[in-house]
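Take a look at the structure set out below.
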Amino acid sequence: MIKLYGKTLSELQEIVAEYNLPKFTAKQIADWLYSKHITKISDMTNLSKKARELFEKDYEVGLEKPITESVSKDGTKKYLFKIDDLKFIETAYIPEKERATVCVSSQVGCKMNCLFCSTGKQGFQANLSTNQILNQLQSLPDFEKITNIVYMGMGEPFDNLDNVLKSLEILTAEWGYAMSPKRITVSTIGIVPAMKRFLDESKVHLAVSLHSPYDEERRELMPVQKKYKLEEVLSEIKSFEFNRQRRVSFEYIVFKGLNDTKKHAQELARILKDIKCRINLIRYHRVPGVPLETTDENVLLQFQNELKLKKIVTTIRASRGQDIDAACGLLSTKQMLK
């Protein structure tokens, strides 16, 4: 059966046309899927009985519930979804005082093989469909509480750009979820052609995984540096005109004795001085078999202060859910091994 959930308005219009139904039927279906959150085609009561029967022959709504839920002592929840046979993805729900953020995955596994990432150790298995990306939101018990979305889960979003852009269209369109683009952030390690298309075709925030200001060091952490050098990534960002409605931020995992020195902070400030941005410093969550360690807390604070002295807005991201395998890929890897 073909899944209706995850179809854009233009795709729904094509489906409606095949059945020789009025064009406005597509908007009615979109309303049922993304505003009224129905789970069965028979629930679409303003469609004629004949239309519903036609759709039910070939289509289903297509929502899938998570197979497990883990709850941290800090309130973070991690959900595991099954994707076909023996494939799994993770979704994290992170509640705070004034917001509730969901971190979604875009792929099963990942091709990028970053040294510090558990997901990369799985290798690439599949791109998620638009249905599977959005299902991570709609199928959560906490769905109604969600205020913000980050594409920072398993996979590289720009390696599955078509489906990511479709999901963003559905999230932000008036006929879809009508979310403000200011509440959505997509992260990338810096695939330049896809990043350019993303900036041109969407309005949501961009986050770039940086992790070192030095080419050789970054290349050892992130093999993508061999193809798309940091200088090229930053040049593309500088050429784009960001406004108050849209921001760029840089993610920087701080590793003990590797990228946490005063020299690193100063070089980071130098290469970013012409970009209005925010830097998010992230404590490293240990991954089995990876020879990297979390930096000391006082070193982390010194690093932040050094960047602040250079007039760069710098925050330290709170570590959440460490007691439930919060680092991306750990939970799904355990499930695969089972």
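Starting from the Cα-Cα distance between K27 and I275, subtract it from 0.36 nm times their residue separation and give me the gain in nm to one decimal.
85.2 nm
Using the rule -39500 (n - 2.57) for each DSSP H run of four or more residues, divided by the residues of the chain, the 222 nm mean residue ellipticity is -9500 deg cm²/dmol.
Suppose a student asked you for the relative contact order of segment 68-337, using Cα pairs under 8 Å spaced at least 6 residues apart; what percent would you report? Taking the mean separation of contacting Cα pairs over the length of segment 68-337, I get 19 percent. Note on segment 68-337: antiparallel DSSP beta bridges, both residues inside, total approximately 40 percent of the bridges counted. For the cross-link pairs K27/K166; K78/K262; K23/K49; K27/K65, the ones whose C-alpha atoms lie over 28 Å apart are K78/K262.
Only one residue of V299, N148, N135 has its Cα farthest out toward the positive end of the dipole of segment 68-337, where Lys and Arg carry +1 and Asp and Glu -1 on Cβ, and that residue is V299. The aspartates and glutamates within cross-link reach of K226, meaning a Cα-to-Cα straight distance under 15 Å and a gap of 8 or more places when in the same chain, are D215, E216, E217. For segment 204-254 versus segment 1-53, the spacing of their alpha-carbon centroids is 40 Å.
In this simple spin-label approximation, L301 and K238 carry label points 7 Å from Cα along the Cα→Cβ vector, and these lie 3.5 nm apart. One decimal place: the segment K36-T68 gains 9.0 nm when fully extended, by the rule 0.36 nm per residue minus the C-alpha distance.
Bear in mind that the values in this text are calculations on the coordinates, not laboratory data. None of the values given here were measured: they were computed from a predicted structure. Neighbour counts are summed over all protein chains in view; Cβ atoms, including those assigned to glycine, are modelled from backbone coordinates with ideal geometry.
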